[in-house]
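In what follows, a structure is listed as structure tokens, so that the remarks can point back to it.
The values are calculated or read from the model by the stated rules, or taken from the named source; none is laboratory data. None of the values given here were measured: they were computed from a predicted structure. Glycine gets a Cβ as well: all are built from the backbone with ideal geometry, and neighbour counts include every protein chain shown.
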Amino acid sequence: MTTAQGIEALSHEHRHFPPPPDFAAKANAQPGIYEEAEADYQAFWASWARKLEWMKPFTKTLEWNEPFAKWFSDGELNACVNALDRHVRGGKGSRIAYYYEGEPGDRWTITYQQLLDDVCRFANGLRKLGVKKGDRVAIYMPMIPELPVAMLACARIGAAHSVIFGGFSPDSIVDRVNDSQCVALITADQGWRRGKKIALKANCDEAMKETPSIKHCIVAKRVGDPVEMKEGRDVWWHDAIGGQSAQCEPERMNAEDLLFLLYTSGTTAKPKGIKHTTGGYLTGVTSTHKLVFDLKDDDVYWCAADIGWVTGHSYIVYGPLCNGATSVIYEGTPDFPDKDRLWEIVERYKVNILYTAPTAIRTFMKWGVEYPQKHDLSSLRLLGSVGEPINPEAWMWYRDHIGGGKCPVVDTWWQTETGGIMISPLPGLTTTLPGSATHPLPGIGVDIVNDKNESVPLGGGGYIVLTRPWPSMLRGIWGDDERYKETYWSKFPHKYLAGDGCRRDHEGNYWFMGRIDDVMNVSGHRISTTEIESALVEHPRVAEAAVVGKVDDVTGQAIVAFVSLRGSDAGSHDLGDELRKHVGEKLGKFTTPKYLTFTQELPKTRSGKIMRRLLRDIAEGRMLGDTTTLADSSVVAELQERAKTEVHTEE
């Protein structure tokens with residue numbers, strides 16, 4: 001419970017793991033880096049920005065017109081040039097950029113030279129179709145090499161990309177495309193997931209019935225089954241690049257020009273288009289990728305996320321490529337064809353750095369140690385965690401059974417909005433604790449405050465806030481400056497509200513405690529309760545719905561839906577399954593409620609506001625909090641009984 005004193009800190013962790021001495025001796029981050037950054041944080045960030053290649057060097061570092069920041073605003077550069085051209089010019093064209101592995105087992109390597117050639121041809125193809133600097137382009141693709149190629153081609157010609165996760169439904173495509181008026185949509189015929197074909201082009205066809213701004217749909221051939229192609233609008237990828245030159249003049253982009261939009265759930269049903277610009281974003285992701293993962297020249301690095309989320313943007317595409325890294329991209333799921341697929345990949349490519357989510361780690365724990373034990377994982381030297389707080393048991397399992405007890409574990413905290421990692425161990429400097437993200441990175445200003453905006457002393461918890469601008473920060477919400485101010489800057493003057501609860505132990509280590517609003521974190525996906533409620537209420541038999549998160553051993557949080565039906569309809573198990581399926585089809589399968597309870601009434605205040613706090617208590621089986629403001633207290637007793645017979649799935 002949040003009070004003026006903050007959030008009560010209940011758990012404690014006493015296991016400490018100092019950096020291995022041999023690791024520390026060679027680490028990229030050396031003693032003094034925190035002090036250097038704190039002495040002049042703007043100069044610190046400017047020094048990292050100068051490691052990029054600028055077409056016109058900047059002379060201004062930060063212009064802060066709260067809450068709007070401009071970093072390096074008189075400089076010019078191109079993100080694609082920084083990711084590819086400069087490495088090729090520097091003699092590294094034959095270096096492997098990506099080891100690619102498709103789910104069915106197809107695999108190949110892509111060098112920096114090959115990637116640059118592919119990007120230039122596709123960029124020329126986009127220009128031929130009329131895509132130009134300042135346009136927005138939607139990308140809805142599986143995890144195939146054409147996805148980073150499409151992103152970098154957009155960056156090369158100055159068009160902002162808006163990547164839409166390939167698990168989203170047609171409605172989600174419509175919302176995102178229409179909000180930013182995308183002129184083109186890039187997709188694939190289909191994709192592979194657990195041996196099944198995912199109908200990507202068909203989803204796009206459905207969406208494009210309601211997206212008048214789309215002039216062209218470019219389709220990569222992944223699976224090869226026939227798909228509908230509309231003449232004049234739809235173009236095959238291979239036709240778009242046919243006859244195109246491998247030379248493409250890059251656009252000169254101002255540091256503050258838009259690089260991409262990425263939509264994230266908010267507390268309203270409408271997703272927020274988070275804006276990231278070029279110079280500051282690249283500075284943030286290249287510096288954090290180098291420092292947090294201790295990247296060396298000969299490392300093989302694998303971020304096992306999806307490029308459709310910000311983790312993939314920052315730590316599969318822009319950060320690694322700007323640092324000249326060799327990375328792995330895998331198309332499919334960890335359990336196809338068997339539960340050792342990830343460990344087979346680590347062994348095959350001799351991966352040194354692995355970055356994955358606590359949800360995945362808890363799933364691996366559930367499957368058992370026999371799967372990683374089948375493979376030689378001795379190449380690993382660093383492990384990372386991302387997406388949600390990691391519980392100490394999963395942290396220890398990861399360290400012991402994947403890292404062989406020798407690999408530092410960097411548990412990273414950041415958001416779509418922050419662009420890059422904000423709080424994390426530096427593996428050669430930081431003593432780690434299972435479950436803690438430890439300390440803010442050099443140059444980052446962080447505090448934990450209570451409801452009165454007072455800094456909470458060590459040992460206490462509250463709201464985590466960021467106290468000064470940073471280069472990779474969001475530049476606002478597309479088309480909605482007021483929503484940006486209201487969402488992130490209105491609660492506490494001069495402080496960015498991240499929306500997470502956090503505590504600091506007596507040594508100053510940060511421990512994240514989950515969301516403080518109505519956005520759930522399910523398998524690392526931030527999902528708005530409002531979006532799911534809206535989808536449920538669209539069903540003709542539903543009158544009202546409320547959704548909360550419930551702690552889940554595997555997914556972090558599970559989605560719990562409370563549904564009130566129209567008329568005297570009492571509901572049934574079959575209807576529950578139908579409603580769950582309806583949500584999955586509407587928003588994407590990963591948004592399917594795991595639990596669903598029918599109720600004649602939802603608990604509401606006298607003013608008609610649904611009391612989600614009580615619903616969370618019911619879902620978790622806890623003692624109920626204050627019920628004095630309820631319009632009808634009998635509703636809660638009925639709900640507690642009904643929750644015992646909820647519709648439930650183990651999917």
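How many residues does segment 422-441 hold that are closer than 19 Å to Leu474 by Cα and of a type outside the set (A, V, I, L, M)?
Of the residues in segment 422-441, the ones closer than 19 Å to Leu474 by Cα are 422-423, 440-441.
If we keep only those that are of a type outside the set (A, V, I, L, M) too, we end up with 440.
Count: 1.
Would you kindly identify the strands (runs of 3 or more DSSP E) lying entirely within segment 235-317 that contain at least 3 residues that are farther than 25 Å from Ala360 by Cα? Please lay out each step first, then the result.
Details: elements: 258-264, 272-277, 300-303.
Counting at least 3 such residues, we get 258-264, 272-277.
For segment 358-402, what are the residues that are more than 24 Å from His525 (Cβ to Cβ) and either surrounded by fewer than 15 Cβ atoms within 10 Å (Cβ to Cβ) or without any contact (Cβ under 8 Å) to a residue 24 or more places away in the chain (or both)?
Selection gives Gly368, Val369, Glu370, Gln373, Lys374, Asp376, Ser378, Asp400.
For segment 17-33, which positions are within 27 Å of Leu380 (Cβ to Cβ) and not hydrophobic (A, V, I, L, M, F, W, C)? Write out each step before concluding.
Taking segment 17-33 and keeping what is within 27 Å of Leu380 (Cβ to Cβ), we get 17-31, 33.
Once the filter is applied, which keeps residues that are within 27 Å of Leu380 (Cβ to Cβ) and not hydrophobic (A, V, I, L, M, F, W, C), segment 17-33 yields Pro18, Pro19, Pro20, Pro21, Asp22, Lys26, Asn28, Gln30, Pro31.
Listed residues Leu639, Leu579, Leu624; which is touching a helix residue (DSSP H, G or I) at 6+ places or on another chain (Cβ under 7 Å) and modelled with pLDDT of 90 or more?
Details: Leu639 fails: modelled with pLDDT of 90 or more; Leu624 fails: modelled with pLDDT of 90 or more.
Being touching a helix residue (DSSP H, G or I) at 6+ places or on another chain (Cβ under 7 Å) and modelled with pLDDT of 90 or more holds for just one of Leu639, Leu579, Leu624, which is Leu579.
Does segment 46-65 contain any residue that is surrounded by fewer than 17 Cβ atoms within 10 Å (Cβ to Cβ) and either at positive phi or outside the structural domain of Leu152 (by TED's automatic domain parsing) (or both)?
Checking segment 46-65: not a single residue is surrounded by fewer than 17 Cβ atoms within 10 Å (Cβ to Cβ) and either at positive phi or outside the structural domain of Leu152 (by TED's automatic domain parsing) (or both).
For segment 446-530, please list each of the strands (runs of 3 or more DSSP E) lying entirely inside it that holds at least 1 residues being basic (Lys, Arg).
Working: elements: 446-449, 461-466, 496-504, 510-515, 519-522, 525-528.
Once the strands (runs of 3 or more DSSP E) in segment 446-530 are filtered for at least 1 residues that are basic (Lys, Arg), what remains is 496-504, 510-515, 525-528.
Can you confirm whether segment 313-334 contains a residue that is within 30 Å of Thr211 (Cβ to Cβ), assigned by TED's automatic domain parsing to the domain that holds Ala43 and modelled with pLDDT under 95?
Yes, because at least one residue in segment 313-334 is within 30 Å of Thr211 (Cβ to Cβ), assigned by TED's automatic domain parsing to the domain that holds Ala43 and modelled with pLDDT under 95.
Every residue in segment 217-237 that is out of contact with any Cys (no Cβ under 8 Å at 6 or more places or on another chain) and surrounded by fewer than 21 Cβ atoms within 10 Å (Cβ to Cβ), please.
Result: Lys221, Val223, Gly224, Asp225, Pro226, Val227, Glu228, Met229, Glu231, Gly232, Trp236.
Taking only segment 48-104 into account, find how many residues are under 30 Å from Tyr330 (Cα atoms), within 26 Å of the chain's Cα centre (by Cα) and assigned to a loop (DSSP other than H, G, I, E, B).
6
Here is a yes/no grid of residues against (1) among the polar types (S, T, N, Q); (2) within 28 Å of Trp71 (Cα to Cα); (3) assigned by TED's automatic domain parsing to the domain that holds Lys550; (4) touching a Leu at 6+ places or on another chain (Cβ under 7 Å):
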residue: Gly462; (1), (2), (3), (4): no, no, no, no
residue: Trp470; (1), (2), (3), (4): no, yes, no, no
residue: Ile477; (1), (2), (3), (4): no, yes, no, no
residue: Tyr484; (1), (2), (3), (4): no, yes, no, no
residue: Tyr488; (1), (2), (3), (4): no, yes, no, yes
residue: Lys491; (1), (2), (3), (4): no, yes, no, yes
residue: Tyr510; (1), (2), (3), (4): no, yes, no, no
residue: Met513; (1), (2), (3), (4): no, no, no, no
residue: Ser523; (1), (2), (3), (4): yes, no, yes, no
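It is to be established whether one or more residues within segment 174-184 are at pLDDT 95 or above, within 20 Å of Tyr98 (Cβ to Cβ) and surrounded by fewer than 20 Cβ atoms within 10 Å (Cβ to Cβ).
No, because not a single residue in segment 174-184 is at pLDDT 95 or above, within 20 Å of Tyr98 (Cβ to Cβ) and surrounded by fewer than 20 Cβ atoms within 10 Å (Cβ to Cβ).
Please work out which one of (1) touching a helix residue (DSSP H, G or I) at 6+ places or on another chain (Cβ under 6 Å); (2) closer than 18 Å to Asn78 by Cα; (3) outside any loop (DSSP other than H, G, I, E, B) is the condition Gly324 fails and give its number.
(3) is the only condition that Gly324 fails.
State whether one or more residues within segment 455-471 are surrounded by 19 or more Cβ atoms within 10 Å (Cβ to Cβ), touching a helix residue (DSSP H, G or I) at 6+ places or on another chain (Cβ under 6 Å), closer than 21 Å to Ser314 by Cβ and at pLDDT 95 or above.
yes
Is it fair to say Glu35 is under 19 Å from Leu259 (Cβ atoms), surrounded by fewer than 20 Cβ atoms within 10 Å (Cβ to Cβ) and free of Cβ contacts under 8 Å to residues at least 40 places away in the same chain?
So Glu35 fails the test.
Is there a residue being at pLDDT below 85, buried (at least 22 other Cβ atoms within 10 Å of the Cβ), in contact with a strand residue (DSSP E or B) (Cβ under 8 Å, 6 or more places away or on another chain) and more than 30 Å from Ala394 (Cα to Cα) anywhere in segment 583-601?
No, every residue in segment 583-601 fails to be at pLDDT below 85, buried (at least 22 other Cβ atoms within 10 Å of the Cβ), in contact with a strand residue (DSSP E or B) (Cβ under 8 Å, 6 or more places away or on another chain) and more than 30 Å from Ala394 (Cα to Cα).
Check Asp299 against each of (1) in contact with a strand residue (DSSP E or B) (Cβ under 8 Å, 6 or more places away or on another chain); (2) among the acidic types (Asp, Glu); (3) over 27 Å from Arg95 (Cα atoms) and name the one condition it does not meet.
Every condition holds for Asp299 apart from (3).
If you go through segment 277-301, how many residues are under 28 Å from Leu342 (Cβ atoms) and of a type in the set (Phe, Trp, Tyr)?
Looking only at that region, the number is 2.
Among all residue pairs at least 6 apart or on different chains, which show Cβ distances below 6 Å where the first residue, located in segment 589-610, is within 21 Å of Glu578 (Cα to Cα) and the second is at pLDDT below 85 and among the basic types (Lys, Arg)?
Thr597/Arg642; Thr599/Arg642
Confirm whether Thr264 is out of contact with any Phe, Trp or Tyr (no Cβ under 8 Å at 6 or more places or on another chain), among the β-branched types (Val, Ile, Thr) and over 14 Å from Tyr98 (Cα atoms).
Values: out of contact with any Phe, Trp or Tyr (no Cβ under 8 Å at 6 or more places or on another chain): yes; among the β-branched types (Val, Ile, Thr): yes; over 14 Å from Tyr98 (Cα atoms): yes.
Answer is yes for this residue.
Would a scan of segment 252-263 turn up a residue that is farther than 28 Å from Asp85 by Cβ, crowded, with 19+ Cβ neighbours inside 10 Å, under 25 Å from the mean Cα position of the chain (by Cα) and assigned by TED's automatic domain parsing to the domain that holds Asn28? Before the answer, list the steps.
So in segment 252-263, the residues farther than 28 Å from Asp85 by Cβ come out as 263.
Narrowing further to those that are crowded, with 19+ Cβ neighbours inside 10 Å: 263.
Next, only the ones that are under 25 Å from the mean Cα position of the chain (by Cα) stay: 263.
If we keep only those that are assigned by TED's automatic domain parsing to the domain that holds Asn28 too, we end up with 263.
Scanning segment 252-263 turns up at least one residue that is farther than 28 Å from Asp85 by Cβ, crowded, with 19+ Cβ neighbours inside 10 Å, under 25 Å from the mean Cα position of the chain (by Cα) and assigned by TED's automatic domain parsing to the domain that holds Asn28.
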